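A.B. asks: Have a look at this one.
Just so it is clear, none of the values below were taken in a lab; they were calculated from the coordinates. Quick caveat: nothing in here was measured; it's all calculated off a predicted structure. All Cβ positions, glycine included, derive from the backbone under ideal geometry; neighbour counts span all protein chains shown.
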Amino acid sequence: MRAALTALVAAILLTPTPAHAAPVREATVAEPSAATTDGRPRVATLAIPALGLSGLRVVPYAGTPDDGPGTAIQDRGSAAAPHGSGGLVGPGGVGNYLVTGHRSSSTAPFRALPSLRVGARIVVVTESHRLVYEVVGTRRTSFRSEHSLRQQSAAVPGHPGRTATRAMITLSTCATFEDHAAGNYWSDEFHNPEHRIEKIGVLRSVQRI
């Protein structure tokens, strides 16, 4: 049953989504979440085996997604993990561990992120834990919508005001190519396009190291 559901959601993810849309597509996965960490912001490294990505440094900072400090971190080739707003937490914490990375500039670590399918693993390693998340869905964020931004930073991604009961991750990158293909050349002061493509994951295992 689960294999059929995973295949169905994977097929949906391969269907192009209009740049103006902001859907939340999630697979309902029956297994319980793993144990969690204290959720404090920590430097981490991130790997996505399905994309051949490994050793990506994730730098925490106090702020909001893709603000000035976060963009500066990404411009240096790392990924950025904001905290202190909405329901954002550090790696392994109950809530939303949001990691942003460039797709079309600097080292472009998230260039292939939109192709990541449901069921793929995201491995996050801190100084004390090895965390494995499983991708369960895809959503989009619009920088021109306050509601969409609240959804992005919510403790339960896509659901502002909902109480988090499990540790989740959001991997976020720009939809520059899709926006431009649709004739949308809007950008903010940090040269971010209007839309973000985001992969949502649930923590499946925690190992102390």
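A.B. asks: Need one number: nm distance between label points at residue 76 and residue 191, each 7 Å from Cα along Cα→Cβ, rounded to one decimal.
C.D. replies: The answer from the label model is 1.8 nm.
A.B. asks: Also, I was wondering about something else. Residue 181 to residue 35: extension gain in nm, 0.36 nm per residue of separation minus the Cα-Cα distance? Could the numbers behind the result be given before it?
C.D. replies: Working: separation 146, 0.36 × 146 = 52.56 nm, distance 4.22 nm.
Once the chain is fully extended between residue 181 and residue 35, it gains 48.3 nm.
A.B. asks: Right, something else. According to the square roots a ≥ b ≥ c of the eigenvalues of the Cα gyration tensor, what is the shape class of region 68-164, taking rounded for a/c under 1.5, prolate for a/b larger than b/c otherwise, and oblate for the remainder?
C.D. replies: Values: a/c = 1.30, a/b = 1.10, b/c = 1.18.
Here region 68-164 falls in the rounded category.
A.B. asks: With r defined as the distance between the Cβ atoms of residue 104 and residue 146 and R0 fixed at 25 Å, what FRET efficiency is calculated, to the nearest 0.05? Walk me through the intermediate numbers first.
C.D. replies: On the way: r = 25 Å, r/R0 = 1.01.
Given R0 = 25 Å and the Cβ-Cβ separation, E is 0.50.
A.B. asks: Are there chymotrypsin sites (Phe, Trp or Tyr not before Pro) in region 156-199 that DSSP marks as loop and that have at most 12 other Cβ atoms within 10 Å, and which are they?
C.D. replies: Details: sites: 177, 185, 186, 190; in loops: 185, 186, 190.
Within region 156-199, the qualifying chymotrypsin sites (Phe, Trp or Tyr not before Pro) (loop, at most 12 other Cβ atoms within 10 Å) are 185, 186.
A.B. asks: State the Cα centre-to-centre distance between region 56-85 and region 144-168 in whole Å.
C.D. replies: 18
A.B. asks: Grab the other residues whose beta carbon is less than 9 angstrom from that of residue 198, score K and R as +1, D and E as -1, and report the net. Provide the component values of the computation, followed by the final result.
C.D. replies: Values: positive: 139, 140, 196, 199; negative: none.
For residues surrounding residue 198, the net value is +4.
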